């Protein structure tokens, strides 16, 4: 952050200072030219005052009696050199440096001085010079005319002064850049101190510490970040709690069938029971342990699916029909009066979860239904007239219902009903329904005060037809 801020501020400011320095150098040269052009004009006027006219009126001749030493007073600090040239009335050379290039320009329409003068840049003897040209009227006993006086000066002193102005300004600008860099560095350090403190706080936490970070006292800019971290930690805490509970329940529940299996194997080895009977008992124990392990893995898989985001759009009725077809032999073996009624009911859910939900509810219904009783499965959509939206799965059996003492804890892991079982079937169903945002209710069905059976009712939100994957 500090590097980006420094680059983002110092680079544009540095470019601006560079452009400003270039412009400043040009302006300084222009200002120095304006000041030193007065010296050139004064030199030209001094030469003009020393001019005279000799000869006759028919052939006047311009005469210059200016020694070069007269210009030494105008040379600044001996760091610049001056040259002059005087041109007569007819363009002839009169005095000065005859190789100084003649002036070929024109006088400005409105000059800065009350004189016929022009200033321009030229090159003399391979060096750049600043030249002042003065049109000087000259009169004498022999006649009058206009002389042209050129005074040139090398640019050492002008450029030296311009560089001094530039260097002085650049030093101040460099000091300004240094101040900006120090201020930005300090401000960023001060502004990011809460971030560093938050980082140290998080780094110092134990691996299993997912308690929320207190929001009060956190800067407003960091509050959304802290809230997001707390939310992520809350999800992580749920996953850790689920994992710990799963490991605890698994170790607790598998310990008993494994101990029984070990005792049965030892008994078979001693010959306490006939081999066929011992093998049969071992098979029953293994089947029970296998079913328990499968149910616990199913319970863990529900939590895994919960973390996968938005599920696809599926038809609950189709999943229920597939499960009913798989369990058809068991239904037929129990000689149940089975009725299946479905209508298209789109929901958001994973195919495995929907089938597992229907399978566990139907297994419970089959386990508790008396032989030859009635078992009804209905899947339908809920209309507006029922003051709710969504789809409903209702499984009605003819069993003994749920005792009042068991109702409060039924659906919790390992809370088995009076007919036995691991108690995981309804727990799996509740986890699946919760992950899909629905509800599961178990109601005793009565008629005229007589218990008729149990209704397992699942209500899930209906899936819209225009969003999400199909």
Exercise. When only alpha-carbon atoms count, how far does the range 2-164 stretch along each of its three principal axes, as whole angstroms with the largest first?
Worked result: 85, 34, 24
Problem set entry | Cα-based Rg of the range 133-267 normalised by 2.2 N^0.38 Å, two decimals | 3.04
Seminar exercise, completed: Long-range alpha-carbon pairs in the range 313-381, meaning those over 18 Å apart, account in percent for 34 percent
Exercise. So how much slack lies between residue 352 and residue 310, counting 0.36 nm per residue of separation and subtracting their Cα-Cα distance, in nm?
Worked result: 13.7 nm
For this session: Could you compute the FRET efficiency for residue 208 and residue 265, with r as their C-beta to C-beta distance and R0 at 51 Å, rounded to 0.05?
Result: 0.85
Problem set entry | Inter-label distance, nm, simple model (7 Å from Cα along the C-beta direction), residue 93/residue 343 | 11.9 nm
Problem set entry | Segment residue 272-residue 146, length gained on full extension (0.36 nm per residue, minus Cα span) | 30.5 nm
Exercise. What nm distance separates the two modelled labels at residue 244 and residue 181, each placed 7 Å from Cα along Cα→Cβ?
Worked result: 5.3 nm
Exercise. Residues in the range 121-158 near a label at residue 52, defined as backbone nitrogen under 16 Å from the 7 Å Cα→Cβ point?
Worked result: 138-145
Exercise. Expressed in nm to one decimal, what extension gain is obtained for the pair residue 123 and residue 450 from 0.36 nm per residue of sequence separation less their Cα-Cα distance?
Worked result: 105.3 nm
Exercise. So for the pair residue 333, residue 201, with labels modelled 7 Å out along Cα→Cβ, what separation do we get in nm?
Worked result: 6.0 nm
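The numbers here are math on the coordinates, done by the rules we state, and not lab data. Computed from a predicted model, the values in this text were never measured in an experiment. As a convention, Cβ positions derive from the backbone with ideal geometry for all residues, glycine included, and neighbour counts pool all protein chains shown.
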